[in-house]
Amino acid sequence: KRLLCAGSGSIYQLCKAFRSDEMGRLHHPEFSILEWYHIGFDHHDLMREMDEFLQYVIQTKPAKKLSYQEIFEKYLNINPHLISDEKLKTIVQTHCGIKNDHELDRDDYLNLLMTHVIEPQLDKDHPVFIYDYPASQAALAKIRQDNPPVAERFEVYIQGIELANGYHELTDATEQKNRFNQD
């Protein structure tokens, strides 16, 4: 990111990544990662580029693209941006069996529904891009002031497993500092 700020232009990196706080069945503390930044691209441009990349490198079929709202409406018949916290909590309790959830927040509930209900039902024959996440899930992404505001970011799933994510890079240093301070 420093090279980008210094005017390098579009750039990529293939390297080892270490994330010891993300252990799990599908998360390892060390892995290889391909990361790239394409100057002048928003998240839709990046999805098109990533779709072409996946078709070329691992011969996937063309991807399907659904907004975060569309995916929740399709599999749970709810609007994740507008549903009340109480209704959301009830749906999580029904679908995920979570009862003792006093430490969970709205994003935790949405993430539980994504991992326990939606991901297992995603198309197994095509990559699936899910885009325009809630603004609260936008650590490094620009927020588009729709009603409600959404994060210009995406995740791509292959056979129901999240493979990658991307976003329209936040370039406002003051806003980035505010987000880090809030975290």
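The values are calculated or read from the model by the stated rules, or taken from the named source; none is laboratory data. Worth saying up front: this structure is predicted, and the values here are computed from it rather than measured. Here the Cβ is made from the backbone with ideal geometry for all residues, glycine too, and neighbour counts use every protein chain on show. Accessible surface is based on the protein model in full, side chains and every heavy atom, while ligands, DNA and RNA are left aside. Shrake-Rupley method; radii C 1.70, N 1.55, O 1.52, S 1.80 Å.
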Which residues, taken from region 132-152, are over 15 Å from Asp107 (Cα atoms) and not in a loop (DSSP other than H, G, I, E, B)?
Ala141, Ile143, Arg144, Glu152
Can we say Leu104 is open to solvent by 20 Å² or more (accessible area, probe 1.4 Å) and in a strand (DSSP E or B)?
no
Any idea which of Leu34, Leu54, Leu46 is touching a Leu at 6+ places or on another chain (Cβ under 9 Å) and either part of a loop (DSSP other than H, G, I, E, B) or surrounded by 13 or more Cβ atoms within 10 Å (Cβ to Cβ) (or both)?
Leu54
Can you tell me which of Glu152, Glu162, Glu169 is charged (D, E, K, R) and touching a His at 6+ places or on another chain (Cβ under 6 Å)?
Glu152
Taking region 107-132 and keeping only residues that are in contact with a helix residue (DSSP H, G or I) (Cβ under 9 Å, 6 or more places away or on another chain), open to solvent by less than 50 Å² (accessible area, probe 1.4 Å) and not aliphatic (A, V, I, L, M), one is left with Asp107, Tyr109, Pro127, Phe129, Tyr131, Asp132
Selection count, region 61-74, where residues are surrounded by 18 or more Cβ atoms within 10 Å (Cβ to Cβ) and over 15 Å from the mean Cα position of the chain (by Cα):
1
List the pairs whose first member sits in region 66-91 and is touching a residue at least 60 places away in the same chain (Cβ under 8 Å), whose second member is crowded, with 18+ Cβ neighbours inside 10 Å and of a type in the set (Asp, Glu), and whose Cβ atoms are under 8 Å apart, counting only residues at least 6 apart or on separate chains?
Ser67/Asp132; Tyr68/Asp132; Gln69/Asp132
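Out of region 153-183, which residues are part of a loop (DSSP other than H, G, I, E, B) and more than 19 Å from Cys5 (Cα to Cα)?
Within region 153-183, Gln159, Gly160, Asp183 qualify.
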Can you report the number of residues in region 1-16 which are surrounded by 13 or more Cβ atoms within 10 Å (Cβ to Cβ) and modelled with pLDDT under 85?
1
Of (1) aliphatic (A, V, I, L, M); (2) assigned to a helix (DSSP H, G or I); (3) at pLDDT below 95, Leu110 satisfies every one except (3)
